C-alpha cells in the first residue's frame with residue numbers, strides 16, 4: 001500500500017480485523033490531501049487489515065444482503081476472500097459518505113483488497129484515542145454530558161445526512177479524543193442504508209445500547225431509547241431549517257431533556273426493553289416527543305398545526 005511506509009504497532013485486535021498504527025511516507029502523494037490526527041500527512045496512519053477467514057463474518061451476511069447497494073451480489077455464492085473484500089469495500093464506502101457529511105470518523109485514505117488505510121485518531125506522538133468504554137469513567141460530568149449530546153446528534157446525522165444506520169453502535173465503537181473533546185464514530189462496515197428491511201431494528205439496538213451506557217454513567221435525563229429513535233428520524237420543518245439544523249437539533253434535545261424526569265425515563269426504558277418496535281410506541285413516549293416538538297416550533301416561529309412524526 002503506497003501511503004504506508006511501515007507498521008509500527010497494534011491499536012486493536014478483533015474477530016474480523018486488526019487495526020495497526022503505521023507511519024506514512026515523508027512526501028505527500030499529489031492525489032492525497034493532508035490528513036491525520038495532527039493534520040499532517042507522512043506521520044500517523046491507521047491501517048485496518050481484515051482477516052481472510054470467514055469465522056468472524058458468518059453473522060455479517062445480513063448487513064450485505066439487505067443493502068440495496070449490493071443487490072446485484074448473491075452473497076451466498078461468494079467465496080471467502082471475495083466476501084471479505086466486499087466487506088472492506090463496504091466500510092470504505094460508508095466512511096467516505098460519513099466523512100463527506102462532516103460527521104467525525106476516521107477519514108478513509110486508501111483501500112486495497114482487504115486492507116483499509118485511514119486517518120489516525122490520536123495524538124501527535126502516535127498514542128491512539130481510547131474507546132469511550134475505556135475513558136468514560138475518567139470524564140467529568142460536564143464532559144460526559146457534552147459527549148452524550150455529540151453521540152446522539154451523530155446518530156441523527158448518520159440517518160438524515162448519510163441515510164445510514166450504524167447497526168452496531170456502542171461505547172466500544174466510539175473513540176474519545178481528549179485533547180479536542182471530540183467523539184469519533186468507528187467500525188462502520190455493517191452500517192446499512194435506512195431503506196434496509198431491518199434498519200428500524202438496528203436503529204433500536206443502537207439507541208438502546210447508547211442510552212443504557214450513558215444512563216449508567218450518570219446522565220439521568222438521557223432520552224428513553226424509543227424517544228431517541230423518534231428524534232433520529234424526525235423530519236419536521238423546524239428541524240430542517242437550512243443553515244440552522246444543528247442549532248435546532250440541540251434546542252429540541254434541550255427541551256426533551258427538560259420534559260423527562262428520572263421516573264419517566266426508567267419506566268419507558270423498562271417497558272420497551274424487549275421490543276424493537278419503536279414506531280408503535282406508548283402514548284406517553286409519543287406525547288413527550290410531540291410536546292417538545294411543539295415547543296420547538298413555537299420557539300423557532302414555525303407554524304405547524306399537527307405533530308408530524310415518522311410513526312407509521
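The values are calculated or read from the model by the stated rules, or taken from the named source; none is laboratory data. Since we're looking at a predicted model, the values are computed, not measured. All Cβ positions, glycine included, derive from the backbone under ideal geometry; neighbour counts span all protein chains shown.
Brief remarks follow.
- Among the residues making up segment 234-254, those that are in contact (Cβ under 8 Å) with a residue 24 or more places away in the chain, under 17 Å from residue 148 (Cα atoms) and surrounded by fewer than 17 Cβ atoms within 10 Å (Cβ to Cβ) are 246, 250.
- Meets criteria (modelled with pLDDT of 90 or more and assigned to a strand (DSSP E or B)) for residue 133: no
- Some residue of segment 210-227 being surrounded by fewer than 17 Cβ atoms within 10 Å (Cβ to Cβ) and under 26 Å from residue 96 (Cβ atoms): no
- In segment 61-110, the residues that are over 15 Å from the mean Cα position of the chain (by Cα), surrounded by 15 or more Cβ atoms within 10 Å (Cβ to Cβ) and part of a loop (DSSP other than H, G, I, E, B): 66, 67, 73, 78
- Scan of segment 126-145 for residues that are touching a helix residue (DSSP H, G or I) at 6+ places or on another chain (Cβ under 9 Å) and without any contact (Cβ under 8 Å) to a residue 12 or more places away in the chain, ordered by number: 134
- Scope segment 111-125; condition crowded, with 18+ Cβ neighbours inside 10 Å and either in contact (Cβ under 8 Å) with a residue 40 or more places away in the chain or assigned by TED's automatic domain parsing to the domain that holds residue 257 (or both); matching residues: 114, 116, 117, 118, 119, 120, 121, 122
- Residue count, segment 205-234 (criterion: more than 13 Å from the chain's Cα centre (by Cα) and either at positive phi or not in a loop (DSSP other than H, G, I, E, B) (or both)): 16
- Filter pass, residue 161 being free of Cβ contacts under 8 Å to residues at least 12 places away in the same chain and either out of contact with any helix residue (DSSP H, G or I) (no Cβ under 7 Å at 6 or more places or on another chain) or buried (at least 20 other Cβ atoms within 10 Å of the Cβ) (or both): no
- Listing of helices (runs of 4 or more DSSP H) fully contained in segment 243-312 that carry 3 or more residues being at pLDDT 75 or above: 245-259, 283-300
- Residues located in segment 168-182, provided they are surrounded by fewer than 22 Cβ atoms within 10 Å (Cβ to Cβ) and in contact with a strand residue (DSSP E or B) (Cβ under 8 Å, 6 or more places away or on another chain): 171, 172, 173, 177, 182
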